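Peer 1: Okay, handing you the structure first.
Coordinate-derived values only; no laboratory data. Fair warning: this is a prediction, and the values are worked out from it, not measured in the lab. So basically every Cβ, Gly included, is an ideal-geometry build from the backbone, and we count neighbours across all protein chains shown.
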Amino acid sequence: MDKTVLRNLSYGMYVLGACDDGRPVGCIINTCIQVTSIDPVVAISVNKDNYTYEVIRRTGKFTISIIPEDVDPLIIPVFGFQCSKEKDKYKDFSYEISCGVPLLKSKFAGQLICEVTGMTDCGTHCVILGKVTDTRRGEGTPMTYDYYHKVIKGNAPKNAPTYQGDIEPQKEKPVIGDTASRYVCSVCGYVYDGDINKEPDDFHCPVCGVDKTMFNPA
Ligand SMILES: Cc1cc2nc3c(=O)[nH]c(=O)nc-3n(C[C@H](O)[C@H](O)[C@H](O)COP(=O)(O)O)c2cc1C
């Protein structure tokens, strides 16, 4: 089976939020679809190792914030590559708790408040159905997963259901004799075109936020 065909499925980009005894938690997901129209229900796919999954399973509530193309550049690195168990991901963002779930106040293309109506175990992931009980209007063009890869040049970690690390295409290698250099972030796979050593010491990966010592030559 050629699993690369699955890359042609389309997705959006979202912050999934939940509340752990009053403490907001959350993660990035690219899997959220509307499955019914009257009394709308959405389906999300969440890795069972994600702390956010654990909290949703316990509380039965979650929020979806639809990421716009001009999202605050810290949202995806903080929510997509770190774990809420150890880190307070909301510390540097403004948010409110509404109906027992967190709503970030950064720019989003809209937000949904949901109550869990079903959970289907899919092995590594769980598909969670949520009845949409309220919405918040937003602004901006919703970011697609394709835009995240092609324009932002971001990657997804192994907990994303669409992760295909085992079949990543070969990255273009510099031609022998070519002076161009490339460095790859060892955390998120972001590719830096050029000599990273020329960046100042406080340079951080624009996708996952680690410092330049975490980059290796490609
Ligand atoms: C672009 C992108 C897409 C992702 N999609 C999903 C997804 O659909 N489902 C999922 O469970 N995790 C997904 N992840 C991974 C989680 O966001 C990541 O594992 C996060 O660190 C979990 O945080 P938590 O432990 O605080 O819940 C994605 C991450 C990125 C960057």
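Peer 1: Give me log10 I(q)/I(0) at q = 0.14, 0.15, 0.26 Å⁻¹ for the stretch 1-71, Debye formula, one equal scatterer per alpha-carbon, no solvent.
Peer 2: Listed by q, the Debye log ratios stand at -0.52, -0.59, -1.21.
Peer 1: Checking the a/c ratio against 1.5 first, then a/b against b/c, what shape does the Cα gyration tensor give for the chain?
Peer 2: Because a/c hits 1.5 or more and a/b exceeds b/c, the chain counts as prolate.
Peer 1: So for the chain, averaging the separation of alpha carbon pairs under 8 Å that are six or more residues apart and normalising by length, what relative contact order in percent results?
Peer 2: Relative contact order of the chain: 21 percent.
Peer 1: Could you list, in their original order, any pairs among K85/K158; K61/K131; K89/K198 whose Cα atoms are separated by more than 20 Å?
Peer 2: K89/K198
Peer 1: Between D202 and Q34, 0.36 nm times their residue separation minus their Cα-Cα distance comes to what?
Peer 2: 56.3 nm
Peer 1: Here's another thing I want to ask about it. Just want the ordering: S65, S37, S186, from fewest to most Cβ atoms lying within 10 Å of their own Cβ.
Peer 2: So the residues, fewest neighbours to most, are S37, S186, S65.
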